[in-house]
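This report refers to the structure that appears directly beneath it.
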Amino acid sequence: MSMAQHAEPAVSTPPGPGPKETDGRTTRRPLALRLLARPEVGVFLGAAAVLVFFLIVAPSVRQGSSMATVLYQSSTIGIMALPVALLMIGGEFDLSAGVAVITSALTASMLSYQLSMNVWTGVVVALVVSLAIGFLNGWMVVRTGLPSFLITLGTFLILQGVNLAVTKLVTGNVATDDISDMDGFDQAKKVFASSFDVGGVEVKITVVWWLVFAALATWVLLRTRYGNWIFAVGGNKDSARAVGVPVTFTKISLFMLVGFGAWFIGMHQLFSFNTVQSGEGVGQELIYIAAAVIGGCLLTGGYGSAIGPVFGAFMFGMVNQGIVFAGWNPDWFKAFLGVMLLGAVLINLWVQRTATRR
């Protein structure tokens, strides 16, 4: 008697749960490392530490009016630090940004007063002049291939001399005349230098403009093709040009954005104080650059954010006013500034190495 033999069907059993094998290229990094890869994380922690420190050592900082003063001080730095940061991400920087602010204010003031024109005419002409200065800086950098340090250092010296010489020639003094009684002044002041009440605390309009510009710059960097171009030309302009990025347009437009920022802050200074001192602005460019560096932007380009300089500017405003509220000698501000700058550079270096480590 023969027995029929039946073959059992082959059944593939799915593998049980266990560690998934990878080749190291697709491994998802821990959340902590992904956060550290963000350029604004380090400065956010630093700004929080500075705020807590002065809340402890200077109780008056806890008052709403004091914090409004800190925010105002931060906004006047932050508005300029934003385009400076974008320019640095694009691989360049501008040493003429500080005196360009005064050039813009002097142009608007003297043109309006000497020609007895509506101040808005001076405002518009000052905008054209500021954009032209930015265009000239960018064009010379692109056409000559010289470092932006040299080009804008030359522009800095030229503008510094022109500011003083032309102001003395036109007004006979080192400051412009008071324009507070001229047509259009009140309307322009509302745009550039007004205040509004929040819970009994007077807040400057520049704080609002600062946050609006920061949001706009963040959107441009992260959500637009132009933002990709900025990172590309800052990382490697030759490679960017090879893949079709308009390097010339991008770099020149970034310098013009710095010109726009200089115009805006210049108008704020003019309509806040009604007059302009022609010798001011020297050294401010270093404050703007330092705020961007503290905010996570690299001098080598191709890395950074728009949010980081916001916190960097806040740290400047907090230290600058916090020292006063604490009753310390304000001469210590520059020492704090140097410590913050060196600390930020070291932290950014550590963050980069940690974030890129496997």
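Things to note:
- Which numbered condition V203 fails, given (1) in a helix (DSSP H, G or I); (2) of a type in the set (A, V, I, L, M); (3) farther than 15 Å from M88 by Cβ: (1)
- If you filter region 268-300 down to residues that are farther than 24 Å from K334 by Cα and out of contact with any Phe, Trp or Tyr (no Cβ under 9 Å at 6 or more places or on another chain), you find that the one that is surrounded by the most Cβ atoms within 10 Å (Cβ to Cβ) is V276.
- Restricting attention to region 308-358, the residues that are modelled with pLDDT under 75 and open to solvent by 50 Å² or more (accessible area, probe 1.4 Å) add up to 10.
- Just one residue in the set Y113, Y72 is within 21 Å of the chain's Cα centre (by Cα), in a helix (DSSP H, G or I) and of a type in the set (F, W, Y); that residue is Y72.
- Residue tally, condition open to solvent by 50 Å² or more (accessible area, probe 1.4 Å) and either within 22 Å of T121 (Cβ to Cβ) or at pLDDT 90 or above (or both), over region 147-172: 14
- Filter pass, I179 being open to solvent by 30 Å² or more (accessible area, probe 1.4 Å), within 25 Å of M80 (Cα to Cα) and not charged (D, E, K, R): no
- Scanning region 292-311 for residues that are in contact with a Ser or Thr (Cβ under 9 Å, 6 or more places away or on another chain) and not hydroxyl-bearing (S, T, Y) yields G295, G296, C297, A306, I307, V310.
- Among residues of region 71-108 being among the polar types (S, T, N, Q) and open to solvent by 10 Å² or more (accessible area, probe 1.4 Å), the one that is farthest from F314 (Cα to Cα) is T107.
- Qualifying residue in region 115-129 (condition: buried (at least 24 other Cβ atoms within 10 Å of the Cβ), modelled with pLDDT of 95 or more, closer than 27 Å to C297 by Cα and out of contact with any strand residue (DSSP E or B) (no Cβ under 6 Å at 6 or more places or on another chain)): no
The values are calculated or read from the model by the stated rules, or taken from the named source; none is laboratory data. Bear in mind that the values here come from a model prediction, so they are computed numbers and not experimental data. Note that each Cβ is placed from the backbone with ideal geometry, even for glycine, and that neighbours are counted across all protein chains shown. SASA here: full protein model, heavy atoms, side chains in, ligands and nucleic acids out. Shrake-Rupley method; radii C 1.70, N 1.55, O 1.52, S 1.80 Å.
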